1. Take every Cα pair under 8 Å in chain B that's 6+ residues apart, average their separations, divide by the length, and report that relative contact order as a whole percent.
2. May I ask you to list the aspartates and glutamates whose Cα is less than 13 Å away from that of residue A:167, ignoring any residue fewer than eight positions away on the same chain?
3. Between residue A:18 and residue A:55, what length in nm is gained on full extension when 0.36 nm per residue of separation is reduced by their alpha carbon distance?
4. Projected area of the protein assembly as shown, taken from the Cα convex hull and averaged over every viewing direction, in nm²?
5. Give the calculated FRET efficiency between residue A:98 and residue B:189 to the nearest 0.05, with a Förster radius of 35 Å applied to their Cβ-Cβ distance.
6. Rounded to the nearest 0.05, what FRET efficiency do residue A:106 and residue B:43 give with R0 = 60 Å and r taken as the Cβ-Cβ distance? Could you check?
7. Skipping prolines and chain starts, which residues have an amide H placed within reach, meaning under 5 Å, of the one on residue A:60, given they are 5 or more residues away or on another chain?
8. State which entries of A:53/B:72; A:188/B:188; A:188/B:100; A:65/B:155 exceed 28 angstrom in Cα-Cα distance in the structure shown.
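A short reminder: the numbers here are calculations on the coordinates, not readings from a lab. Everything numeric in this text was worked out from a predicted model, so none of it was measured. Cβ placement follows ideal geometry from the backbone for every residue including glycine, while neighbour counts extend to all protein chains displayed.
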Protein chains: 2
Amino acid sequence: MAVNLNPTSEPVFTYLHEQIISMQILPGQKLSENSLSKQFQVSRTPIREVIAKLVSLGLVEVKVKSGTFVSKLSIEKITEAQFIREAIETAIVSKVASAKPQKTIVECEEIIEQQRIAAAENHAIKFQYLDDKFHQTLADFTGFDRAASIIQFEKAHLDRVRNLSLKEFGGQYDRVLTQHKQILNAIKQQNPQQAAEYMALHTREILTVLEQIKAKHADYF
Amino acid sequence: MAVNLNPTSEPVFTYLHEQIISMQILPGQKLSENSLSKQFQVSRTPIREVIAKLVSLGLVEVKVKSGTFVSKLSIEKITEAQFIREAIETAIVSKVASAKPQKTIVECEEIIEQQRIAAAENHAIKFQYLDDKFHQTLADFTGFDRAASIIQFEKAHLDRVRNLSLKEFGGQYDRVLTQHKQILNAIKQQNPQQAAEYMALHTREILTVLEQIKAKHADYF
DNA sequence: CCACCAATACTTGTATACAAGTTTATATAG
DNA sequence: CTATATAAACTTGTATACAAGTATTGGTGG
């Protein structure tokens, strides 16, 4: 993931970002610059770079001279992340469907097949990784790195919900697989509008569980 | 503009960002942390925060242990910025058109009227400010600050071209005004699809001058 | 036992010192 | 005069020191 950080900061960012979106580090938890500094054996300078980046992504909040905290989940922020993701993902898939590139189609077919296997094995982590890869493959066709980057960063907010949802409602393998197939079919039919419509529905899935997740995990909000 | 920077860094960022998009600081120009430090009478620490932010926006590039430079214009980066902007702006205007909110409509009408006056006075700066305000007013309706922020930051790449275009081809007042009116009319008719279509055409205007600008100012690319 | 106050530890913000690499300038050899 | 090599100046990356404000904890008075 393109983050434009220095070598010392980059692994720290990658680790913290992953820990936050996987809910290993919980919303509201305190992050001390000094502790992180000791933990990663680097000075506060690169740590602060990482914190600044996470702040700009809305994943942590700094209360001045008091502490740094992992952001709580917020319906508003999640809704907005979904909105941004939908906007860019639909634009990307429209572009793909208009061009109908064989290479991308083949790659997507392979990913869907792997997803079918991962679903059969009930391998949720693998399935989610492949879901990301499906979207990344579409983005790669456009060559728009920054667009892909924005999606990845916004998706962080959605992934925290998705990981809670996974424990609650399971992997939803069939729904996701069906949606991916619908998207791919629309691409094959060179129908940008329908591809965009299916992509929109796909990205809106997260919203259907949002209220229930909030009810179950009020302390994370 | 929401930048999540500390009080010491924020004015430095605002100044540099404005200078870069207005082409007061030219593509390729060197930015020394020490010089900026002296210029703004702050230490290198906040300066480096600002640089990091500008790097993440793609407006400056750091060559390690060699120097920091204002990014050159690039067709690829500008095309991508337009793509991202179009995706989010069309999504926003769709939402507005679906809701047809009276307050937003009135505000847009006022802005268009002010633009008519600015055009009559050939007041390009004012006209551009009002153009931004038109789009910001639509974004405000959604309440999605981050979406608005992404648009603003991506637009920086487009504004550098726009400012070159202004000198070359003038303010294009009539075209822009007509497009704004078309967008607003579609909103009034509660026609999201048409509103999005007009918005798409509006944001694509920049692409029509891109090649000519590159031809005239090859050294900036 | 509770309330309040003071001191201490902890937090982030900023400035500075040092490290390591690049570029430029200067002097010297041919 | 040119080319080359050496040294000096300059660049960013990282670590540390200091400043200023917050939170916590312990003790004291009631």
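1. Values: 241 pairs, mean separation 59.2, N = 221.
Here the relative contact order equals 27 percent.
2. A:159
3. Numbers: separation 37, 0.36 × 37 = 13.32 nm, distance 1.47 nm.
Full extension of this stretch gives 11.8 nm more.
4. On the way: hull surface 90.7 nm².
Over every viewing direction, the Cα hull of the protein assembly as shown projects on average to 22.7 nm².
5. Working: r = 27 Å, r/R0 = 0.78.
Result of the calculation: an efficiency of 0.80.
6. Details: r = 54 Å, r/R0 = 0.90.
With R0 = 60 Å, the Cβ-Cβ based efficiency is 0.65.
7. A:55, A:71
8. On the way: A:53/B:72 24 Å; A:188/B:188 36 Å; A:188/B:100 36 Å; A:65/B:155 34 Å.
Violating the 28 Å Cα-Cα cut-off are A:188/B:188; A:188/B:100; A:65/B:155.
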